[in-house]
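The values are calculated or read from the model by the stated rules, or taken from the named source; none is laboratory data. For clarity, every value in this text was computed on a predicted model and none was experimentally measured. We place every Cβ from the backbone using ideal geometry, glycine too, and count neighbours over all the protein chains shown. Side chains are part of the model used for accessible areas, which takes the heavy atoms of the whole protein and leaves out ligands, DNA and RNA. Shrake-Rupley method; radii C 1.70, N 1.55, O 1.52, S 1.80 Å.
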Amino acid sequence: MSDREFEPRIVAFFCSWCTYTAADLAGVSRMKYASNIRIIRLMCSGRVDPQFIMDAFARGADGVLIGGCHPGDCHYISGNYKCLRRFHLLKRMLSDLGIEENRLRLEWISAAEGDKVKRVVNEMVQQVRALGPLDLPGRFGEWDKEVRELDARIQQEHDAGPCEAHAVKESQA
Amino acid sequence: MTDKPKVAFYWCASCGGCEESVVDLAEAILEVVQLVDIVFWPVAIDTKKADVERMADGSIAVSLINGAVRTSEQEEMAQLLRRKSQLVVAYGSCAQMGGIPALANQYSRERILRTVYEEVPTVDNPNKVRPQPDYVDDAQICVHLPEFRQRVRSLDQVVDVDYTLPGCPPTPKLLAEALHAILDGNLPPKGTVLAPDTALCDACPRKDSKPEDVGYTEFKRPHWTILDPEKCFLAQGVVCMGPATRSGCDAQCIRGNMPCTGCFGPTSRVHDQGAKIVSSICSSIAAEDSDGIESTLSGIPDPVGTFYRYGLSKCLLRGRVDAVDAARSSQEGTR
Amino acid sequence: MNGGNGDGDLRIGVYVCHCGINIASMVDVEKVAERAAAMPHVVVARDYKYMCSDPGQQMIAQDVRNHRLNRIVVAACSPLLHEKTFRGAVERAGLNPFFFHMANIREHDAWVHENRDEATTKAIDLIRAAVRRVGHHKALERRTVSINPNVLVVGGGIAGIHAALKIADAGRRVYLVERELSIGGHMAKFDKTFPTLDCAACILTPKMSQVKDHPNITLWTYSEVAGVEGFVGNFKAKIRRKPRYIDEETCVGCLECIEACIFKEGKFPDEYNEGLSKRKPMYIPFPQAVPQVTAIDPETCLHFKTGKCKQPCVSVCDRKAIDFDQKERIEEIEVGAIVIGTGFQTFNPTDRLPQYGYKILDNVYTALEVERLVNSSGPTGGEVVLRDGSRPRAVGILHCIGSRDTKTNIWCSRVCCMYSLKLAHLVHERTKAEVYNFYIDMRAPGKGYEEFYNRLLEEGVHFIRGKVGGVTDWAMVPEEEGRLVIRVEDTLGGFVRRVPVDMVVLSTGLEPRADADDVRRTFNISCSTEGFFLERHPKLAPVETASDGIYLAGCCQAPKDIPDTVAQAGAAAAEALALIDRGEVELEPNTAYIDADECSGCKSCLSLCPYNAISFIEEKKKAEINEALCKGCGTCVAACPSGSIIQNLFEDDEIFSEIAEVLSDV
């Protein structure tokens, strides 16, 4: 991250009918918002598989935003309710797994609410920036340093041949 | 020495149940013994690490390694067996995905050691002595203890794994099938889990009793209720991991009137077993408002322990992400 | 057809659109194309001024031939705008149209960011994701379903009437559903129309009777759409037909029953006349009503209230058309397209702008009330008189009431300037009163509108530029005594004025109907922020909605005048006819399917489908999706606990690869 201010990476899953369209509207209306967000289009917020969210975090997202139609407005009648139910348990589970609450957000944004896309994205970027990097790939790498170190040592012993193995071990100790 | 294929068994962080399951082959084990040469099996025969070290690389046909990997010794042994073996099989839930020991990934190493060596009421340790990896005794001999790792790992997070036999423990039937497949050279593509690739419901004796629309209004833990011995657990509002868990266990828990807790892990199409069961179960909650949903979900007080009982190492997040000793995070698991 | 699915033989072409300078001004398109060229399996990467233009599309076709490409990524505008265009180009180039993915670097990138480096990085990320994703794309076939040729038109104002007639004239069956007792809508209340001053009734009533007589139109008045199911080409609608207690088939509109009613005089406010006159419980909304059928208002009818009426209406009706036992009925119809023309309501200043004295001071009227006063079939026979029957000597017309104001409605209602001029002309003509127009800006942008404004200037109508602060009956000087005083800052004169008048006309704006939100939900369409129904695209699809097969006409979409409404209604009719004449409609192949070998029959998905597309096959003990019913939301896919349901175009691997690549900084 060097001395530059930390720029969070937000992955967003937007339903095609409401929130993705709202993001298009924000564009057409030339509203300006933070560029930290990468939007992935799904047909419905009901398609948001909790695996997507966890995978996004595991691959380096600092925040995940889900956008769907307002309750009662789902293009597919009730997909957003399924999303909401999963969101409740997933949020609690992620909190138990050490992911801060503000890193996962669900917003109902209708096709007309381009301004809400702008507000929510800016707000979230600010909140996640305050939380600092999640950087799970980095954390995983750090955790696994211990495994890699042993790998390297064993490789070294192996290369040295069986008779010298003991000596290497001692010198390490 | 014979020219029969050589087989090794090893246990890492395990309860011994997997070892039992080998013995559970019963008479069939005699057949196995006739066909193979068991060259290493610490729990049953007196062979040492040094014996393995002396073997030529790749001379063991197959090593079946059970248990999760928590210590440097287990890592070393896994590495060693990997080098000496043509095939490595992750044997059982712990080797496959961390198993019960992986639930420790919710806590930092420091927290675990402190609890075990200092805080447990039955421990008398006024000097707060902890295990020391290197110790020089009075005779000036250096004794090395394996290191307790930051995280509990599945076998494939440490070494390359060819096949997986799932289960806590794997059934003798699956083991026998796997051994025969290996001996006959009749093997599926590398990486295959040697169990059916459908979820448990496919083989569940209670399948017909599940209604088309469950519409959960509450969840009950198994000990909160008298379980109907015939009816689908989910239809009784009891979390059952069956829909998200590979079959192959002959539904033993179900037959014993206990819901599936997920020990066979997910199907090959699923990246994260816990995420998938969350998605499936929650979708069918009856409530549409946040309060109603929360109230229904209050019957699942510990989602991580419920949905990753055997699989936390293979959870996409690998456990509580801030539960580590390192300076990176001062926060630590408090649950 | 080039169609290798294996990773090894992927040959991807990437096309980065400048969109003139729309994208290129914020995204370094050359750099993006350069970076795309280095991505795995990318054989060609180019940037071009307008990818959607013919040469742009040709370029793709040429590259497919010359470089044996089998996957195409276009980074340009939103896929909602041009995905179809480029799929067509890909198909013409000989590839399966679904071997294509679009990266949205305009609406989601160039237009919303201000830092060129950041926007460029984002474009590269989105393209990397699209490149990896498109490698997973499968060759798919479009599904087609046949289209029911009938059309439902909702709302019987001028918009609905015009659309219904156009469609019916083209030989298609139309169901026209109107909530009120008669069709005609707001226009039926007007006397003259601007700027030509032709008589509203003379141009509307012939169309109303055409509707009634048209063999292809089924007219259901006093009816509402209770529910709509289905999708483009195959809607099922339930129509609630409310009881009017008169048998429509039998009644000939002789109106004898009204005459005979136990109430000798009208006693209840007449809605059609904005409450300026009274009607009986047995009534017809207005003389030219279509259908010419009376109705009984159960709220005021003595029979319904007390059960003790002698029912002279029944005895006078020799056709036995009166039926006190009539019940609400539900009609179920199947249609292929729907035109919504549910109109507007006028702004009600009663509580929202009390400073103008409406409902407080006697002679403050809304414009719609004055429309009735100047109408020869209105409560005063076209005489513009005050409540006491006297003629006003001076009239003030206040523009922009409930328009262009953050406290009420922010939008310009578009018609008020012109109808105010019309009313000014009519009032001046009828009463010779001094007429004052108080306006903020005079908006006269239509054909002949400015000329009409000039004519009014010449007629001696006064124009005072300024937003009126309030209307009061508190006199400061003798000449204000007993009159209404309009307080206004004359922004051209630069001073505050008090203008005494006898009548105040509030030019109230147009707003969405109070129940627009319910209507929107019934039809599964969207509203814009202000509550008017949202068109699919403000310029390219102004009468379509996001729901295929549902079209908009008239003021339900935004305030507009009669010419614009009729034009839009014609456009909506044309769209509906174009759809129907196609005979079948292509559906996105984004349906889900279950791999029977993988399904465990856990039944988790069955109840999740709102369209009942998933069923449990008892013999196999597995679930199965009927792809004809599947609408492609993917909810069951996300919920399948064993990952055994796959959604075309949104497969797990496709989404996971997008996630991986938007996060894989190079």
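In table form, for the structure just shown:
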{"quantity": "Counted residues, the range B:1-29 - those being open to solvent by 50 Å² or more (accessible area, probe 1.4 Å), within 13 Å of B:S93 (Cα to Cα) and not in a strand (DSSP E or B)", "calculated": "1"}
{"quantity": "All positions within the range C:228-263 that are of a type in the set (G, A, S) and in a loop (DSSP other than H, G, I, E, B)", "calculated": "C:G233, C:G253"}
{"quantity": "In the range B:36-47, the residues that are of a type in the set (D, E, K, R) and either under 25 Å from the mean Cα position of the chain (by Cα) or outside any loop (DSSP other than H, G, I, E, B) (or both)", "calculated": "B:D37"}
{"quantity": "Residues that are among the hydrophobic types (A, V, I, L, M, F, W, C) and within 9 Å of chain C (Cβ to nearest Cβ), drawn from the range B:257-277", "calculated": "B:V270, B:I277"}
{"quantity": "From the options A:I53, A:I40, A:I99, residue that is outside any strand (DSSP E or B) and within 10 Å of chain C (Cβ to nearest Cβ)", "calculated": "A:I53"}
{"quantity": "Identity of the residue in the range C:149-195, assigned to a loop (DSSP other than H, G, I, E, B) and of a type in the set (S, T, N, Q), that ends up farthest from C:M418 (Cα to Cα)", "calculated": "C:N150"}
{"quantity": "Unmet criterion (only one of (1) assigned to a loop (DSSP other than H, G, I, E, B); (2) surrounded by fewer than 19 Cβ atoms within 10 Å (Cβ to Cβ); (3) in contact (Cβ under 8 Å) with a residue 60 or more places away in the chain) for C:G531", "calculated": "(3)"}
{"quantity": "Restricting the range A:1-17 to residues that are more than 23 Å from C:T545 (Cβ to Cβ), among the hydrophobic types (A, V, I, L, M, F, W, C) and open to solvent by 20 Å² or more (accessible area, probe 1.4 Å), the residue that is farthest from the other protein chains (Cβ to nearest Cβ)", "calculated": "A:F6"}
{"quantity": "From the options A:I40, A:I99, A:I77, residue that is touching a residue at least 24 places away in the same chain (Cβ under 8 Å) and surrounded by fewer than 24 Cβ atoms within 10 Å (Cβ to Cβ)", "calculated": "A:I40"}
{"quantity": "Pairs where the first residue, in the range B:175-198, is farther than 25 Å from C:A596 by Cβ and the second is modelled with pLDDT of 95 or more and surrounded by 17 or more Cβ atoms within 10 Å (Cβ to Cβ), C-beta under 6 Å, 6+ apart", "calculated": "B:A178/B:L165; B:A178/B:L194; B:I182/B:V62; B:K190/B:D162"}
{"quantity": "Test for C:G446: is it within 16 Å of C:T508 (Cβ to Cβ) and in the same structural domain as C:P354 (by TED's automatic domain parsing)", "calculated": "no"}
{"quantity": "Selection count, the range B:189-231, where residues are among the basic types (K, R) and either surrounded by fewer than 12 Cβ atoms within 10 Å (Cβ to Cβ) or away from every other protein chain (no Cβ under 14 Å) (or both)", "calculated": "3"}
{"quantity": "Hey, C:V64 over 21 Å from C:H136 (Cα atoms), in contact (Cβ under 8 Å) with a residue 60 or more places away in the chain, assigned to a helix (DSSP H, G or I) and of a type in the set (A, V, I, L, M) or not", "calculated": "no"}
{"quantity": "Counted residues, the range B:175-202 - those being at pLDDT 95 or above and within 21 Å of B:A26 (Cβ to Cβ)", "calculated": "2"}
{"quantity": "Matching residues in the range B:278-292 - criterion: being more than 7 Å from every other protein chain (Cβ to nearest Cβ), open to solvent by 10 Å² or more (accessible area, probe 1.4 Å) and in contact (Cβ under 8 Å) with a residue 12 or more places away in the chain", "calculated": "B:A286, B:A287"}
{"quantity": "Whichever residue in the range C:534-554 is under 18 Å from A:H75 (Cα atoms), in a loop (DSSP other than H, G, I, E, B) and within 13 Å of another protein chain (Cβ to nearest Cβ) and, among such residues, is farthest from the chain's Cα centre (by Cα)", "calculated": "C:D548"}
{"quantity": "Test for A:V125: is it buried (at least 24 other Cβ atoms within 10 Å of the Cβ), out of contact with any His (no Cβ under 8 Å at 6 or more places or on another chain) and of a type in the set (A, V, I, L, M, F, W, C)", "calculated": "no"}
{"quantity": "Residue check for A:R85: basic (K, R), surrounded by 24 or more Cβ atoms within 10 Å (Cβ to Cβ), part of a helix (DSSP H, G or I) and more than 8 Å from chain C (Cβ to nearest Cβ)", "calculated": "yes"}
{"quantity": "Checking B:A68 against (1) closer than 28 Å to B:S247 by Cα; (2) open to solvent by 30 Å² or more (accessible area, probe 1.4 Å); (3) in contact with a Pro (Cβ under 7 Å, 6 or more places away or on another chain), the condition it does not meet", "calculated": "(2)"}
{"quantity": "Helices (runs of 4 or more DSSP H) lying entirely in the range B:228-335 (those with 1 or more residues that are in contact with a helix residue (DSSP H, G or I) (Cβ under 8 Å, 6 or more places away or on another chain) and more than 30 Å from B:S108 (Cα to Cα))", "calculated": "B:252-255, B:273-283, B:290-297"}
{"quantity": "Selection within the range A:128-153 - open to solvent by 50 Å² or more (accessible area, probe 1.4 Å) and aliphatic (A, V, I, L, M)", "calculated": "A:A130, A:L131, A:A152"}
{"quantity": "Checklist (1) in contact (Cβ under 8 Å) with a residue 12 or more places away in the chain; (2) out of contact with any Leu (no Cβ under 8 Å at 6 or more places or on another chain) applied to C:A75, failing item", "calculated": "(2)"}
{"quantity": "Entirely in the range B:48-159, the strands (runs of 3 or more DSSP E) that have 3 or more residues that are under 25 Å from B:V324 (Cα atoms)", "calculated": "B:69-71, B:148-153"}
{"quantity": "Residue that is over 24 Å from B:I285 (Cα atoms) and over 12 Å from the mean Cα position of the chain (by Cα), where the choices are A:L25, A:L106", "calculated": "A:L25"}
{"quantity": "Any hit, the range A:18-35, residues being facing chain C (nearest Cβ under 7 Å), modelled with pLDDT of 95 or more, crowded, with 23+ Cβ neighbours inside 10 Å and over 16 Å from A:V121 (Cβ atoms)", "calculated": "no"}
{"quantity": "Index of the failed condition, B:S295 passing every other in (1) of a type outside the set (A, V, I, L, M, F, W, C); (2) open to solvent by 30 Å² or more (accessible area, probe 1.4 Å); (3) within 14 Å of chain C (Cβ to nearest Cβ)", "calculated": "(3)"}
{"quantity": "Residues located in the range A:108-157, provided they are more than 14 Å from chain C (Cβ to nearest Cβ) and either of a type in the set (S, T, N, Q) or in a loop (DSSP other than H, G, I, E, B) (or both)", "calculated": "A:Q126, A:Q127, A:G132, A:D144, A:Q155, A:Q156"}
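Every residue, every condition in (1) open to solvent by 10 Å² or more (accessible area, probe 1.4 Å); (2) more than 29 Å from the chain's Cα centre (by Cα); (3) within 14 Å of chain A (Cβ to nearest Cβ), yes or no:
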site	(1), (2), (3)
C:G94	yes, yes, no
C:F99	no, yes, no
C:R106	yes, no, yes
C:A110	no, yes, yes
C:G135	yes, yes, no
